[in-house]
Amino acid sequence: GETITVKALAERMCINAGEVIKKLMELGTLATINQEIDADTATIVANELGFEVNIKVELDKETQLMMAEPEDEEKDLITRPPVVTIMGHVDHGKTSLLDAIRHANVTASEAGGITQHIGAYQVEHKGKKITFVDTPGHAAFTAMRARGAKVTDIAILVIAADDGVMPQTVEAINHARAAKVPIIVAINKIDKPDANPEKVKRELTEHNLIPEEWGGDTIFVEVSAKQKQNLGELLEMILLVAEIGEYKANPNRAARGTVIEAELDKGRGPVATVLVQTGTLKVGDFIIAGVAYGKVRAMMDYTGRRVSKAGPSMPVEVLGFSEVPPAGELFYTVEDEKFGKQIIDERFKKKREEELKLTAPKVSLEDLFNQ
Ligand code: GDP
Ligand code: MG
């Protein structure tokens, strides 16, 4: 931390160093004139002597950038599509449900592109868009949260009607609650002869998810991903929850969001699927995610179609990163490329320092003398 000598502190206040030493002594610190004292102690001493202290700290480029960012004003905000994640126990039908919704809601012109997998997609229901993010398991959800990223607005909890609440069901509930994300329960596989939706509801009451018909406030939808049953109703409920949540963002600012997934493509280089959460990402923007950076060379929507810009809640594939950014990493854009490179330099330095700390052998005095 910051320090200052007793002498320097006294000079700043235009008082005798002896007075500072005396004050320090009163506070229980014996100090000489050339002694360094920490910022907190100096502040207390100065305050006691009737001075105010302003501590100037050299801010790194990144902090400067974050602090320069203006807050959004209410009038700049527009409603954005809700971002939805599907969670639940293995084999309860998360992937099937994601696929069923996607296939049931794409227009014929898009149908060519949908065989390709990207970690997020959008559907339109009654003229309103919904973004689905396919988090690769709960681990990614946790990693994203650890980085401070809140990706999801709404969690769909999938539970197989023939199986009921399982350990990962409970985990999913905990994840959603920790992230303060509303839960919609989708009881799946109701086409199965041994489906028992009532049993699922009873089990969930133990976890405080109580259906409206029983006096609770949790929305339940009974679906079959296989038979494509009640999917429209599920989308309807998502839009209802979204209306209450009033999710908004400012499209007219530098883009910011989260890397959903990324990989190294043989032909195209690093390819990242990102979710834009605020602002608008454009081709040509200078983008940073972790220590990966670059100019956005091209963008594709989830159907593989090239787009020149992506607004709030839109997932896009981005080409142009210097390296593969990790899933869950936050990204943002900077207008000044030179400034952006300085931020990257700082990040590289910090990363190297951390690596050195990890690899530095721990040597004790004994080790040194016993060699
Ligand atoms: P995930 O592990 O949660 O992603 O589950 P999957 O989507 O891979 O589904 C697991 C199994 O359940 C697969 O064999 C699916 O075909 C089956 N399945 C999924 N949804 C339904 C459904 O609504 N009805 C029936 N009968 N089977 C389903
Ligand atoms: Mg799956």
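The values are calculated or read from the model by the stated rules, or taken from the named source; none is laboratory data. On a predicted model such as this, the values are computed, not experimentally measured, just so you know. Note that we place each Cβ from the backbone using ideal geometry, even for glycine, and neighbour counts take in every protein chain shown. To get the accessible areas, we keep the full protein, side chains included, count just its heavy atoms, and leave off ligands, DNA and RNA. Shrake-Rupley method; radii C 1.70, N 1.55, O 1.52, S 1.80 Å.
How much of the calculated P(r) for region 147-266 lies past 20 Å, in percent of all Cα pairs?
That fraction is 52 percent.
Mind checking which of F220, P251, V241 is farthest towards the positive end of region 186-264's charge dipole, using Cβ charges of +1 (Lys, Arg) and -1 (Asp, Glu) about the Cα centre?
Farthest towards the positive pole: P251.
Could you report region 262-302's accessible area per residue, 1.4 Å probe, as an integer in Å²? Present the calculation step by step, with values, prior to reporting the outcome.
On the way: 1490 Å² over 41 residues.
On a per-residue basis, region 262-302 sits at 36 Å².
Show L204, L330 ordered by accessible area, largest first, where the area counts protein heavy atoms only and the probe is 1.4 Å.
On the way: L204 0, L330 70 Å².
If we order L204, L330 from most to least accessible, we get L330, L204.
One quarter of the convex hull surface, Cα atoms only: what value does that give for the chain in nm²? Can you show the working numbers first?
Numbers: hull surface 117.0 nm².
Spelled out: convex hull of the Cα atoms, projected over all directions, averaged, 29.2 nm².
Would you kindly compute the Cα radius of gyration of region 289-331 and its largest Cα-Cα separation (Dmax), both in Å?
Final numbers for Rg and Dmax: 10.6, 28 Å.
If you build a Gaussian network model of the chain, linking Cα atoms that sit under 10 Å apart, which residue out of V45, V151, V318 swings the most?
V45
Give me, ordered by chain and number, the residues 5 or more places off G88 or on other chains with an amide H under 5 Å from its own placed amide H.
Answer set, sorted by chain and number: V158.
Kindly provide the pair-distance distribution of region 183-324 built from C-alpha pairs, with 10 Å bins from 0 and whole-percent values in order of increasing distance.
Bin by bin from 0 Å, the calculated values are 11, 29, 21, 23, 15, 2.
Semi-axes, largest first, in whole Å: what does sqrt of 5 times each Cα gyration tensor eigenvalue give for region 1-77?
Numbers: eigenvalues 268, 36, 21 Å².
So the three semi-axes of region 1-77 are 37, 13, 10 Å.
For region 170-317, what % of the accessible area comes from carbon and sulfur atoms, probe 1.4 Å? Intermediate values should be presented prior to the final figure.
Values: 3170 of 6780 Å².
Answer for region 170-317 is 47 percent, counting heavy atoms of protein chains only.
Residue by residue through region 44-54, which ³J(HN,Hα) values in whole Hz follow from phi under the Karplus form 6.51 cos²θ - 1.76 cosθ + 1.60 (θ = phi - 60°), with glycine and proline marked x?
Each residue of region 44-54 in turn: 4, 4, 4, 4, 4, 8, x, 10, 9, 10, 10 Hz.
Taking only Cα atoms, what is the 0 to 90° angle, nearest 10, from helix 137-146's long axis to the longest principal axis of the chain?
Roughly 30 degrees between the two axes.
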